[in-house]
Amino acid sequence: MARPLPLLLLALGLAAAAKSPYQQVLQHSRLRGRQHGPNVCAVQKLIGTNRKYFTNCKQWYQRKICGKSTVISYECCPGYEKVPGEKGCPAALPLSNIYETLGVVGSATTQLYSDRSNLRPEIEGPGSFTIFAPSNEAWASLSAETLDSLVSNVNIELLNALRYHMVDKRVLTDDLKHGTTLNSMYQNLPIQIHHYPNGIVTVNCARLLKADHHATNGVVHVIDKVIATTTNTIQQIIETEDSLETLRTAVAASDLSSLLESEGQYTLLAPTNEAFEKIPRETLNRILGDPEALRDLLNHHILKSAMCAEAIIAGLTMETLEGTTLDVGCSGEELTLNGKPIIANKDVLATNGVVHFVNELLIPDSAKTVFELAQESEVSKSTDLFRQAGLSSHLTGSEQVTLLAPVNNVFKDGLPVIDSNMRNLLLNHIVKDQLSSKYLYHGQKLQTLGDKELRVFVYRNNLCIENACIAAHDKRGRFGTLFSVDKMLTPPTGSVMDVLKADHRFSTLVAAIQSAGLTENLNRPGTFTVFAPTNEAFQAMPQGELNKLMGNAKELANILKFHVADEILVSGAVNALVRLKSMQGDKLEVSMKNNVIHINKEPVAESDIMATNGVIYAVNSVLQPQASRPQERGDEPADPALEIFKQASALSKVSQRNPRLAPVYSRILARMKEHSGGF
């Protein structure tokens, strides 16, 4: 019975999904090359080099490898060859033994050395082998000294080297699983295999160039390096390298030795002695003397998986043992970390991973002081301010604090002068605990070193502490956390009434509030947003209207309540439009236009005047509730005659076209005469 089409498609989809990453990029290269004939693959070649790559979709459109431009060339896919006079590569390569196949696939030097080392009879004879054959260029890149050591000594070293490139079974790319090892034919020493998501396969960090060339007695894979045996763990490499002496001391002090000599597949970004020497002595001594900071520092240099340099052809993010991430990339021949070409020596292979030597120390946030965090971010001007105020000790020691640091743009006109008031204000930017913004909640109270209490406001689009809203992700240091905020914080100094009384701009408003009997309301604990008309706003009203308003306590109270909402809204929470219910009952519309807050389309003169029970906005107009506004033409009550006339006009033309509507039109005209008394 035929299989239903949907099930068949599902089965085909699952089969496609099961392909290895290498087979996927090979398939993509086939698709890109098919216009040139059967079995033609599109490859990307780095301009000015012989380095070629099968292309995936992203690389195809970017046309870059490690930031360098490539050209597309078309060649026979692995296992096929051209036929004179025919398009593409229609013929399969003739199947022969491994020795003969080496000459066909571009590894004639390996073929030559197989003959010289007496390996030829074995790879010509019966059996089932896999050979990872270095390309001709790979052999040519060896130093004369290394090559001489291989071909001397009655060729035994050369034979051992070649047998280390071999496995005594047939292994295809689908069998080359990431993080696995194969036992070589030289003393069963392991060969490390890595099969990366981008389709690159490495063998002891040598890139597989041409794969899956079948032979009668096995399979040939061409690689770009001559690989060497590996017997040392990462820890043993650290112990034997003179340039890693400081790292060796640090690892011993942090008890990480057991991890680095255990089984696994890690990448160690090993800081050299030079890298440690670049760090200020005070900072280095602090970290080396703090076991937790030291462990975080070292774990930040260890990636959770082995990453060979040849597998990096574009930027990618990798996770460290410390739980953070590093941006690993490349620029031409150089590897980069966080965009910097700081890797001095790459692909030192170990039995449990790979080591890259780096000449800069990568200090994670978790090993830094708050002061160091601030100096390296967009709040560096704030650090100057706190240093000038003599507050650095709170940000460099083991005191658990959270720094609310205004971003540099706040000080575009220069830093404020340090006096006693400014120093006290800065103390109120330091909270007495190490916080995380994701755990803050609305209404939470925070205590500062200046003995002030700050409130947390959680909005749909922002998280604010008093009038200052968080402008960037937290940076969590060893003992403190850095919150970058969008403005200088102004702690509240009294109730709404206290603040209004202390500001001469609001003397008329204060008198009006007292006259309307609302003083107690605005003195009590609460969460008010007050749009406070200035003296100028009252003076702008017609004198008669102002006198009438001030002489009617009930109407005055109604107007004033329209200026107050029973929730706190700071300016940082206003994105496009926010509607608040006033205490009078009508809605207030708060919006942001050209970085200016507007209330009911009127611009606000000053925002975020903080009080212990709310926030005040100064406005230069008295807001009018809907019912109290002068009626506009569109809001006037409808004139019945006018409405009837409109209906009549609309129906007149229709009735002329349709005799059945004529009586209706006549009745409407009669009604209009009744209301208007005739024309």
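The values are calculated or read from the model by the stated rules, or taken from the named source; none is laboratory data. Not measured: the values here are computed from a predicted model. Counting neighbours? That spans all protein chains shown, and the Cβs are built from the backbone with ideal geometry, glycine included. Heads up: the accessible areas ignore ligands, DNA and RNA and are worked out on the full protein's heavy atoms, side chains in. Shrake-Rupley method; radii C 1.70, N 1.55, O 1.52, S 1.80 Å.
Going through region 76-103 one residue at a time, which ones are within 21 Å of THR55 (Cα to Cα), open to solvent by less than 60 Å² (accessible area, probe 1.4 Å) and out of contact with any helix residue (DSSP H, G or I) (no Cβ under 8 Å at 6 or more places or on another chain)? Break it down stepwise before answering.
Of the residues in region 76-103, the ones within 21 Å of THR55 (Cα to Cα) are 76-81, 88-89.
Checking which are open to solvent by less than 60 Å² (accessible area, probe 1.4 Å) leaves us with 76-79, 88-89.
Listed by number, the residues that qualify are CYS76, GLY79, CYS89.
For region 388-415, filtering for residues that are over 16 Å from ARG478 (Cβ atoms), surrounded by fewer than 16 Cβ atoms within 10 Å (Cβ to Cβ) and not small (Gly, Ala, Ser) leaves 5. Checked against (1) under 19 Å from LEU244 (Cα atoms); (2) open to solvent by 30 Å² or more (accessible area, probe 1.4 Å), LEU298 passes all but condition (2).
Residue count for region 423-449, restricted to those that are in contact with a helix residue (DSSP H, G or I) (Cβ under 8 Å, 6 or more places away or on another chain) and farther than 19 Å from PHE371 by Cα: 0.
Screening the candidates GLY106, GLY127 for the property of being open to solvent by 40 Å² or more (accessible area, probe 1.4 Å), in a loop (DSSP other than H, G, I, E, B) and not assigned by the TED database to the domain that holds PRO341 yields one hit, GLY127. GLN375 is checked against (1) modelled with pLDDT of 95 or more; (2) open to solvent by 20 Å² or more (accessible area, probe 1.4 Å) and fails just one. What number does that condition carry? Unmet for GLN375, out of (1) modelled with pLDDT of 95 or more; (2) open to solvent by 20 Å² or more (accessible area, probe 1.4 Å): (1).
Scanning region 241-276 for residues that are part of a helix (DSSP H, G or I) and among the hydrophobic types (A, V, I, L, M, F, W, C) turns up LEU244, LEU247, ALA250, VAL251, ALA252, ALA253, LEU259, LEU260, ALA275, PHE276.
When the residues of region 88-128 are filtered to those that are at pLDDT below 95 and of a type in the set (D, E, K, R), the one that is nearest to GLN27 (Cα to Cα) is ASP115. Any idea which of (1) touching a strand residue (DSSP E or B) at 6+ places or on another chain (Cβ under 6 Å); (2) of a type in the set (Ser, Thr, Tyr); (3) farther than 13 Å from ILE616 by Cα is the one SER571 doesn't satisfy? Every condition holds for SER571 apart from (3). Identification of strands (runs of 3 or more DSSP E) wholly contained in region 183-240 with 3 or more residues that are closer than 24 Å to PHE357 by Cα and in contact (Cβ under 8 Å) with a residue 40 or more places away in the chain yields 190-195, 201-203, 206-215.
All of (1) assigned by the TED database to the domain that holds LEU335; (2) open to solvent by 10 Å² or more (accessible area, probe 1.4 Å) hold for VAL251 with one exception: (2).
Between residues in region 309-328 that are within 10 Å of PRO364 (Cβ to Cβ) and residues that are among the hydroxyl-bearing types (Ser, Thr, Tyr) and crowded, with 17+ Cβ neighbours inside 10 Å, which pairs lie under 7 Å by C-beta distance while being six or more apart or on different chains? Every condition considered, the pairs that remain are GLU322/SER366; LEU326/THR320.
Condition test on THR246, is it within 30 Å of PRO121 (Cβ to Cβ) and open to solvent by 20 Å² or more (accessible area, probe 1.4 Å)?
Details: within 30 Å of PRO121 (Cβ to Cβ): no; open to solvent by 20 Å² or more (accessible area, probe 1.4 Å): yes.
Here the answer is no, as THR246 does not meet what is asked.
Taken over region 176-194, the criterion of being more than 23 Å from LEU159 (Cα to Cα) and open to solvent by 80 Å² or more (accessible area, probe 1.4 Å) is satisfied by LYS177, HIS178.
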